[in-house]
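Enquirer: The structure under discussion is supplied below as structure tokens; questions concerning it will follow.
Read-outs throughout are calculated quantities, based only on the coordinates presented, and are distinct from any laboratory measurement. The shown structure was predicted, so the numbers you read here are calculated from the model rather than taken from an experiment. Here Cβ is always computed from backbone atoms with ideal geometry, including for glycine, and neighbour counts include all displayed protein chains.
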Amino acid sequence: MDVDSRKFIELSATAVRNESLKTSMGLLGAGLSMRRAQAKAGLAEFDALRDEARDIKNDVLANLDAYLEAFEAQVTRQGGVVHWASTDEEARDAILAICRDADARTVTKSKSMVTEEIELVPHLEAHGITAVETDLGEYIIQLRRERPSHIIAPAIHLNKDEVSETFFEHHRKLGYNERLTERADLVGEARHVLRDKFLGADVGISGANFLIAESGTVVLVTNEGNAELTTSLPKTHIVVTGIEKVVPTFEDAATFIRLLGRSAAGMEISQYTSFITGPAREGDADGPRNFHVVLVDNGRSRMIGTEFQDMLRCIRCSACLNHCPVYLSVGGHAYGSVYNGPMGAVLTPGLSSIGDAGHLPNASTFCGKCEEVCPVRIPLPRMMRAWRNRESEAKLNPVGMRWGLRGWQWLATHPRLYRLATRLGIGVLRRIARGDSSYLSHMPLAAGNWTRDRDFPTPSPTSFVAQWEDKL
Amino acid sequence: MSEEKPRRREVALFATCLVDLVRPDIGFDVARLVLDAGFKVVVPPLQTCCGQPNYNGGDKSGAMAMARRNIDLLMPYEYVVVPSGSCGGMIAHHYPELLSGDTVYAGRARRLAERVYELSRFLVDVADYQPSRRLEGTVTYHDACAGLRELGIKSGPRTLLERAGAQVVESGQAEACCGFGGTFCIKYPDISNAMLERKVADIEATGAATVVAGELGCLMNIEGKLHRTGRPIAARHFAQLLAPEQKS
Amino acid sequence: MSRERVLTDIRSRLAGDTKARHDAAVARIGARRRNTVPERASRAAEARVAQFEEMLARVKGTTARLARLSDVPAAVQQYLGEGARVCVDAEIDALALPWQDTRLTHVPWAPKTGFDCIVSGCVAGAAETGTIAISSGIDAPLSRAFLGESHIVVLPSARLFGGYEDIFDLVRQGDLPRHLTFVSGPSCTGDIEMIMEYGAHGPRALHVLIIDS
Ligand code: SF4
């Protein structure tokens with residue numbers, strides 16, 4: 001997994017000044033949080049469903065090996081094949097081998113974050129296989145050679161004009177010579193271009209929203225219908241997904257389906273929810289002859305039994321991103337990881353390392369909004385805090401921070417020295433303020449980051465505790 | 001309840017490091033409020049910081065040391081009142097979690113948690129306080145994150161302000177984070193500033209003359225921005241508005 | 001082997017023994033326990049049609065109520081206009097409906113053929129979200145529902161259930177179809193500037209004919 005958060009501060013500084021990104025993020029945040037709130041208000045059982053969803057996933061994780069084996073047995077019984085991949089490399093190799101078996105030259109893909117995580121498309125392309133993303137947002141960013149900036153709205157950072165420019169540049173060679181200005185026309189053009197791809201593909205690759213252990217069924221949720229075409233037309237269908245996606249029964253899947261669309265975008269249910277069980281049956285009019293499921297671990301099992309296990313409940317709904325003030329300030333690309341926002345801040349270091357992803361769990365005020373909206377009640381702030389502990393224990397956070405905190409703790413547990421030291425500190429600040437001004441507009445060292453954008457109220461010369469003592 | 005009370009019940013005021021060091025006047029406002037509500041106020045003189053910077057900064061063992069010390073300091077009191085949702089949440093929620101494996105302190109942390117009150121919660125739920133102060137005009141309330149989401153502080157401060165006669169106008173994003181986040185605002189100044197700009201614009205849009213909150217960190221952040229950008233809006237802790245006038 | 005490695009990695013971190021976990025999972029799956037089913041998914045049959053129509057209208061689907069199956073051809077023509085190119089799927093075709101009374105152009109099914117509309121049957125409906133379930137099968141390509149410009153679905157009111165669970169119970173009675181899809185409105189995308197546009201890859205319009213008898 002390609003992760004690098006080291007440039008987070010620079011990238012976020014540029015991002016907050018990007019006016020078009022600001023507009024996109026404003027639309028995303030305001031639109032989706034309002035829609036989710038309406039959907040939640042409209043379903044009395046919403047919070048009860050969240051509790052149940054949490055409990056179902058906890059049960060699955062506690063018995064994960066057994067549920068995966070049950071799922072595998074059902075897929076096999078239906079005539080499909082399950083492949084297990086311990087690493088991203090194993091997953092890429094397994095998928096490439098299936099594509100080669102199918103003599104694949106072109107592959108259509110529906111949206112899947114796991115395929116982003118394992119960097120599947122570049123791998124297929126490097127081996128001479130053309131892979132076409134069919135989700136509109138994914139298609140747009142594929143043309144632009146960008147990474148998704150949001151787990152369900154991958155091109156949310158772009159505006160209509162940028163999409164128009166991209167289509168004009170790439171579709172000209174296909175005979176589309178017009179620069180389109182209407183959103184509907186852009187959608188229509190992509191529909192035409194991609195229809196041929198669907199009909200001509202040798203292999204269809206999809207992700208999975210849920211895997212149903214009861215029957216070996218793969219559940220896919222989309223609004224566009226691209227997953228249905230991806231998985232019905234080609235002769236081979238490959239499902240690529242994480243080991244944590246399994247749920248016991250159809251009834252359990254129903255609970256998650258009732259939560260997913262509402263949490264993601266305030267939709268009662270997405271337009272299309274597909275339940276796919278094995279390859280085409282004898283005599284079926286369409287459907288793949290070969291059905292493969294690639295179960296990807298890639299660091300997930302390492303999180304079991306740790307303070308990060310709850311993260312494996314995540315259903316990738318994106319509610320935590322859509323409500324996160326940090327994500328909405330910087331967009332997805334600044335994070336340097338395909339998983340971003342609060343869920344990415346916890347998951348990314350789990351799948352890669354805290355060294356590579358250090359900024360992600362640090363860039364949070366712990367406002368708690370993510371946990372408030374998470375449909376499976378993942379305690380995201382608590383786990384970001386746990387990553388900060390790990391980072392500090394491994395001495396990977398800035399040394400000044402570690403010493404500063406240690407010094408503060410030492411003072412706070414030695415009250416007399418604390419009084420002395422804080423009085424000295426306040427004295428320095430008051431000298432900078434020249435005694436009388438009630439606000440400081442400059443402060444030294446790191447505190448200068450405060451006064452760069454705002455003033456600091458000048459502290460009183462004598463602390464509350466000291467004044468109170470004097471009065472007694 | 002019919003029994004005579006020979007003396008007022010005692011409340012320990014844990015001022016929090018920010019009030020103590022930056023805005024001592026708020027400490028006195030809190031003390032006057034608690035007194036006016038019929039309680040006796042004690043200020044444990046050895047108090048320092050609740051440990052949040054360490055807890056949130058990856059220094060778990062430092063935070064545990066601070067938690068143990070504060071538990072020792074505050075255990076003797078019947079009530080502990082904290083004029084901050086985040087410090088209140090730290091003591092009430094995070095101390096028991098931090099020390100859950102500590103044979104001596106786990107139980108003490110839980111017992112202390114039952115006696116710790118964020119100021120508005122104490123005034124409304126315990127004291128059923130009727131402010132003697134009269135307020136006029138409109139204010140808007142900023143729901144500081146930890147108070148709101150860890151302690152469920154939402155209606156309490158509004159109730160008190162309204163009981164005192166203030167008109168509370170809601171902003172569109174009262175529950176949005178202001179971008180303070182402790183060391184966050186120093187570590188990620190650009191993001192913090194972007195959040196703060198949205199916050200002050202939201203406050204300004206209400207037309208209220210004063211923004212009120214129960215968290216000094218947020219208030220310093222918001223006030224600093226209001227002042228820097230020349231917006232004529234005051235930022236106040238609700239204790240500052242509600243405390244009875246000082247008798248000289 | 002990767003399989004053993006993944007399972008070993010998981011097992012090394014789980015509590016309890018493999019057998020106990022296996023038994024727990026088998027029991028849990030076998031129980032097929034219903035979780036919380038929202039009140040709106042459990043309404044009486046009489047209330048369901050109106051609920052279905054309302055929920056589907058919210059997501060830009062349309063409905064019409066017909067007294068009997070033989071009204072279908074006329075309703076299709078009324079919706080599409082005379083001369084529309086329709087592809088009628090095998091299930092509906094087998095009903096020998098009076099298509100001769102209409103002026104619609106019938107187009108045989110093939111993925112690459114263009115047609116204005118596919119007229120299909122369905123497995124069932126769920127009133128809770130205005131959802132219909134369609135499935136793949138012999139003479140019933142799943143992809144048919146996605147290749148027309150619009151999709152007309154014939155839904156007998158007797159097959160309109162309250163919630164998703166009822167549909168699952170129905171399909172589990174036989175062999176599961178390869179592909180079962182819950183359709184709730186026409187194809188759409190919000191990928192450009194968060195504004196919904198219809199007809200992303202699938203049909204631009206969804207029209208459900210509810211048969212009362
Ligand atoms: S962490 Fe929760 S809110 Fe965020 S994407 Fe996952 S399930 Fe959704």
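Enquirer: Summarise the partner chain shielding of A:407-418 as one whole number: the mean count of Cβ atoms from other chains within 10 Å of each residue's Cβ.
Expert: 6
Enquirer: When ranked by the protection proxy of mean other Cβ atoms within 10 Å per residue, highest first, what sequence do the peptides B:92-98, A:148-154, C:59-65, A:348-354 form?
Expert: A:148-154, A:348-354, B:92-98, C:59-65
Enquirer: Counting partner chain Cβ atoms within 10 Å of every residue's Cβ in C:9-19, what's the average?
Expert: 5
Enquirer: Is segment B:31-86 best put as rounded, prolate or oblate by its Cα gyration tensor, with a ≥ b ≥ c the root eigenvalues, rounded for a/c under 1.5, and otherwise prolate when a/b is larger than b/c, oblate when not?
Expert: Prolate.
Enquirer: Can you tally the net charge around B:H227? Count Lys and Arg as +1, Asp and Glu as -1, for every other residue whose Cβ sits under 10 Å from the Cβ of B:H227.
Expert: Residues close to B:H227 contribute a combined charge of +2.
Enquirer: In addition: Starting with the fewest neighbours, write out A:Y327, B:Y77, A:Y418, A:Y139 ranked by other beta-carbon atoms found within 10 Å of each beta-carbon.
Expert: Lowest count first: B:Y77, A:Y418, A:Y139, A:Y327.
Enquirer: Each label point is 7 Å from the Cα along the Cα-to-Cβ direction; what then is the distance between the points at C:A90 and C:I138, in nm?
Expert: 0.7
Enquirer: Among the GluC sites (Glu not before Pro) within segment A:52-152, which fall in a DSSP loop and have no more than 11 other Cβ atoms within 10 Å of their own Cβ?
Expert: none
Enquirer: Per residue of A:380-389, how many C-beta atoms from partner chains lie within 10 Å of its own C-beta, taken as a mean? Show your work: numbers first, answer last.
Expert: Values: counts 0, 5, 2, 0, 1, 7, 2, 1, 6, 7.
The shielding value for this peptide is 3.
Enquirer: Order of C:M196, C:M1, C:M55 from fewest to most other C-beta atoms within 10 Å?
Expert: Going from sparsest to densest Cβ surroundings: C:M1, C:M196, C:M55.
Enquirer: What angle, in degrees between 0 and 90 and rounded to the nearest 10, separates the Cα long axis of helix C:18-31 from the longest principal axis of the Cα atoms of chain C?
Expert: Its long axis makes an angle of about 30 degrees.
Enquirer: For a test of the definition: using alpha carbon positions, the gyration tensor, and the 1.5 limit on a/c, classify the protein assembly as shown as rounded, prolate or oblate.
Expert: Working: a/c = 2.04, a/b = 1.93, b/c = 1.06.
Prolate, because a/c is 1.5 or more and a/b exceeds b/c.
Enquirer: With everything on Cα atoms, drop me the angle between helix C:2-11 and the longest principal axis of chain C, reported from 0 to 90° to the nearest 10.
Expert: 60
Enquirer: Could you compute the net charge surrounding B:A174? Neighbours are other residues with a C-beta less than 11 Å from the C-beta of B:A174; K and R count +1, D and E count -1.
Expert: -1
Enquirer: Next question. If one takes the longest principal axis of the Cα atoms in chain A, at what angle in degrees, from 0 to 90 and to the nearest 10, does the Cα axis of helix A:415-432 lie?
Expert: 90
Enquirer: What shape does segment C:41-211 take by its C-alpha gyration tensor, where a ≥ b ≥ c are the square roots of the eigenvalues and a/c under 1.5 counts as rounded, a/b above b/c as prolate, and the rest as oblate?
Expert: Rounded.
Enquirer: Give me the distance between the Cα centres of segment A:104-174 and segment B:69-142, rounded to whole Å.
Expert: Taking the Cα centre of each part, segment A:104-174 and segment B:69-142 sit 52 Å apart.
Enquirer: Another question about this same structure. Grab the beta carbon distance between B:E170 and B:R134, set R0 = 22 Å, and tell me the FRET efficiency rounded to 0.05. Please list the in-between numbers first.
Expert: On the way: r = 22 Å, r/R0 = 1.00.
So the FRET efficiency works out to roughly 0.50.
Enquirer: Give the list, by residue number, of cysteines in chain A with no other Cys Cβ closer than 4.7 Å, or say none.
Expert: A:C99, A:C314, A:C317, A:C324, A:C374
Enquirer: Now a separate question. Taking the beta-carbon count within 10 Å as an exposure proxy, list A:I9, C:I134 from fewest neighbours to most.
Expert: On the way: A:I9 16, C:I134 27.
Fewest-to-most ranking of A:I9, C:I134: A:I9, C:I134.
Enquirer: While we're on this one: Where does the protein assembly as shown land at 222 nm, in deg cm²/dmol rounded to the nearest 500, when only DSSP H runs of n ≥ 4 count, each adding -39500 (n - 2.57), divided by all residues?
Expert: -13000 deg cm²/dmol
Enquirer: Could you please report the charge total around B:S86, scoring K, R as +1 and D, E as -1 over all other residues with beta-carbon less than 11 angstrom from its beta-carbon? Don't skip to the end; give the middle numbers.
Expert: On the way: positive: B:R149; negative: B:E118, B:E150, B:E215.
Local net charge: -2.
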